[in-house]
Each structure stands twice: as structure tokens, then as C-alpha cells.
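Shown next, in C-alpha cells, is the structure this report addresses.
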Amino acid sequence: MTAVTATPSTRPAACDPAARAASAVGPATAGPGVGVVGADVRIPLVTGERATYANFDYAASAPCLTAVREVLDAALPYYASVHRGAGYHSQVSTDAYEQARRSVARFVGARHNDAVVFVRGTTDALNLLARSVPRDCTVVVFSAEHHASLLPWQHRGSRAGQVIRLPLPHSPSAAVAAAREALRTAPEGPRLLCVTGASNVTGEIWPIEELTAVAHTAGARIVVDAAQLVPHRAFSLAATGADYVAFSGHKLYAPFGAGVLAGRTDWLQAATPYLAGGGATGSVTEHDVRWNDLPARHEAGSPNVLGAVALAAACDVLTEAGQERLHAREQALLGRLRAGLAETEGVRDLALWDADHPRVGIVSFVVDGLPADLVAAALSAEYGIGVRDGLFCAHLLTRHLLPEGHDQAVRASLGLGTTEEHVDRLVEAVARLAAQGPGWEYREDDGRVVPVPDPRALR
């Protein structure tokens, strides 16, 4: 029987991300269509005052775009199961889900024969690939990777054979040379190079095109963890030549539980489904199971339709807004932040490579004499500034970069809702903390540093 799905003419215009994006404008934005939800929220301080929240934790999870929220509001009345429903809502949802796949494919410059598989996030995507590589595939990975792209290859259930972990390179050219040598001397057979697009610790952008060329010259493939790259800069599978890319919606202004693995189909098509269940199956008998082809093969269960629609809406909004223009704005804010921190005595930022190496809007730093968790707690409680402290799920890299006397760092990450006032407030607050220390009492409670007393009420 021929499957019937909704056609574009039957799909309500309100469900079209591109149509909705054009009219959405929010406060403290980088321009029309790229406002973020919550940009004007005022929060309580321990002093009894209130301040507009200065969010510097985009690298962990970015807020929802106002345009994405509007797309979801329009889609919710039509939400239903996809692919197998005869009802009108099911047909509309199926069409929205598959249009979302096409939007994501355009966003990452997918080639005509690449697969786009919806998953839960970058971690899920790379674990899926780890279970899909040919058996005994040699995987080459740098120690600089986030745990999401460092650990799946060695986890039980991975089909990878030997895992070659390369040391931290002292320069981009050293990274390319190390990858070349590792792939040259790796065992014969399938090989995969795994590399980040931009570091979640330093923001430094890795030489993806050069690493792709090295991999392909050696007859290997490359997967790019683009979780921190695509929210800030355009990426294209076709232009770079990369074989796979993985990223998360919650870092791309679509915090609704969806992510993507996109790229070549053969390994994914040959692999047993990552999850066994409905949707992945073409036919089940008492004696046999016939699995579906891609992408359904690795999308078992009821898909996260709204998550996929939200992710596609974010992709469309960023594309229409012009990622190069947004990147230029971010670079101006980043330069303002780095210059301010560099002028503050006792503050040191972390970098693997030269200070002038290109990076996205991420700065990790330490304040001499103050633990990172105390700095983060004071910034929040006394100044209304949200940062991240710790090792950022990249323990090997962060520990290597930390100066003596520090065991954690503070990370400030920028996004579309960041303003000059936010940057200046952060710089001034860090300078005051470095010079005078916190203005409130703090203690450790259940592993976190908290103000004492804390009169703030959580909603």
C-alpha cells in the first residue's frame, strides 16, 4: 500500500518555520527574528535588589529563540503521531517532521545522499555512530574532546576496535600532523577520526578542513562534533568534505530534546538499529525481524516531533538572519570580554593555542585566590550573572590548561541574547571579586557553594 502524507498545500502556514521566523522580534537581540525567550527576565539578588539576568551559560544550554517558540505554538494544535496515522493531524505532523529533516540537511550542507537522523543530542548521536562503525574500526580521537566524543568509542557496546587517543596538540598544525601520523600507522581496515569543531572549554576552532583532507588521504573517515560550532558559525558537510556531523538542539536555541547525526549512509544502513522497537522495523514475524532503511532504522519509538520541528526552526532562523553577520557581532562582544578580563589583575583565561587563534564565544578563566565555584556563586547571587564552573565534561583538556593552584575554572559563554551591558557587568564583577572578594558569606552545601543566608526565592 502506498503511504499517504500531507502535501505542502495541506500544511497550515503557521507550521512553517521560515514563515514564522520573519515576524519574531525580542528584546536585547542580535536583530529581528533572533530574540531569545527570557532576555528581559529580572532576577533577585541576595542584597534584596533585582537585576536583568545576564546569561553567560550558552555553551551548556542556549535559551529558546522567540521564533522557535512561535513555531511550536503554531504546531502544537496539530501534534500527533507520525508516519503511520491516517488522521489529518498525523499527516500534518508527519509532513512537519520530514520538512524539519530537510531544513536540517540544508543547514549542515548535507549532500544529496547523506542521511539525517534525529536523536536526543550530540552524546546520543556519537554513541549511535560508535555502534554503527564496522567491527574493529580503528578510531583516532584527541584528548581535547568533550566526553560526548571521547568516551563512546570505548564504552561497552561500541563496535570500535583499537582506540588511539592523541595527546593535546600545541598548535593546529601539530594537530593535523598528529592525526596524519596516527592514521598512517593505524591497523589496516576501516578508520575514523573524531574531532571537535570548536572547544567547549576555550572556544578555539579546530582545523576541520585540514583534518578532513588528512583523513581522506589516509582512506579514513571523519566525524565532527559540532555542538559548540554550529550555534556560532556556519558549517557544511559538502564544503568541508567531512563524513559525519553531530550536534544538539539545546545548544542551538531549541531546547526541546532533539539532536542530529548527519552524514554518509553505508555504515549506518549496515548496522543493527541503535534502538530496537517500533518505527525501526519493516516487518516482524515469529522467526525474523526485517529492519527499516534509514533514517527510520535508527529512530525507533515515537519520534520527538516537536523537538525536530523546533530544531529545524532554529536552523532556518539562523540561516535567514545570516550566520556570518551574527558571528561578527559575537566576535565584537567576545573581544570586549577578553580585553576586559586581560586587564584585570589576577585573572587568567585558558587557551590551548595562540591567543589570537579564532574562537567562538567561549572564555574559561580562573581568578587567583578564589575557587571557581565561589566565583560562580558570587556572580550569580550578587550580580545576577550566570556562568558555569567546573571541568565542563572535558576533564583531560581542562585539567591540562589549569594554572597551578586551581582545580576548576569559570566559563563564560556568549550567545544571541548577550549585550554589551552584560559583558561590562561581568568584567566589572570579576574585577571587584579579584580585588575585594565576595561581598556575602558562602558555604558548601551538597557539593555546591551557596550564599548564607540566601533570601532569594526560586519560582
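None of the figures in this text is laboratory data; all of them are computed from the coordinates on show. Just so it is clear, the structure is predicted and the values come from calculations on it, not from any experiment. FYI the Cβ positions are ideal-geometry reconstructions off the backbone, even for glycines, and counts take in every protein chain you see.
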## Note on the structure
In deg cm²/dmol, rounded to the nearest 500, the helical mean residue ellipticity at 222 nm of the chain, built from -39500 (n - 2.57) for every DSSP H run of length 4 or more, is -10000 deg cm²/dmol
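Using the Cα centre of the range 75-320 as the reference point, and only Cβ charges (+1 on K/R, -1 on D/E), how large is the resulting charge dipole? Debye, rounded to the nearest 20.
Numbers: 20 positive and 20 negative charges, 48 e Å.
Computed about the Cα centre, the dipole is about 240 debye.
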### Query
In the chain, with Lys and Arg counted as +1 and Asp and Glu as -1 at Cβ, which of these residues, T196, L426, A246, has the Cα nearest the positive end of the dipole, that is, farthest along it?
A246
### Task
Using amide H atoms built 1.01 Å from N in the peptide plane, name the residues 5+ places from R221, or on other chains, whose amide H lies under 5 Å from its own.
R191, L192, L193
#### Entry: Between 0 and 90°, nearest 10: helix 372-383 axis offset from the chain longest Cα axis
80
### Inter-centroid distance (Cα atoms) of the range 143-216 relative to the range 421-459, Å
38
## Note on the structure
With the charge dipole of the chain built from beta-carbon charges (+1 for Lys and Arg, -1 for Asp and Glu) about the Cα centre, the Cα from H112, H146, Q162 projecting farthest to the positive end belongs to H112
## Note on the structure
Taking Cα atoms only, helix 305-321 is inclined relative to the longest principal axis of the chain by an angle, in degrees rounded to 10, of 60
### Query
In which sequence would D373, D225, D407, D288 go, from the one with the fewest C-beta neighbours within 10 Å to the one with the most?
D288, D407, D373, D225
### Task
Calculate, axis by axis, the spread of Cα positions in the chain along the three principal axes, and write the results as whole Å, longest axis first.
73, 56, 41
### Message
I'd like the orientation of helix 88-107 relative to the chain: the angle between its Cα long axis and the longest Cα principal axis, in ° from 0 to 90, rounded to 10.
### Response
60
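What FRET efficiency would be calculated for the residue pair S283, A339, taking the C-beta separation as r and a Förster radius of 60 Å, to the nearest 0.05? Could you put the intermediate results ahead of the total?
Working: r = 63 Å, r/R0 = 1.04.
E(calc), rounded to 0.05, equals 0.45.
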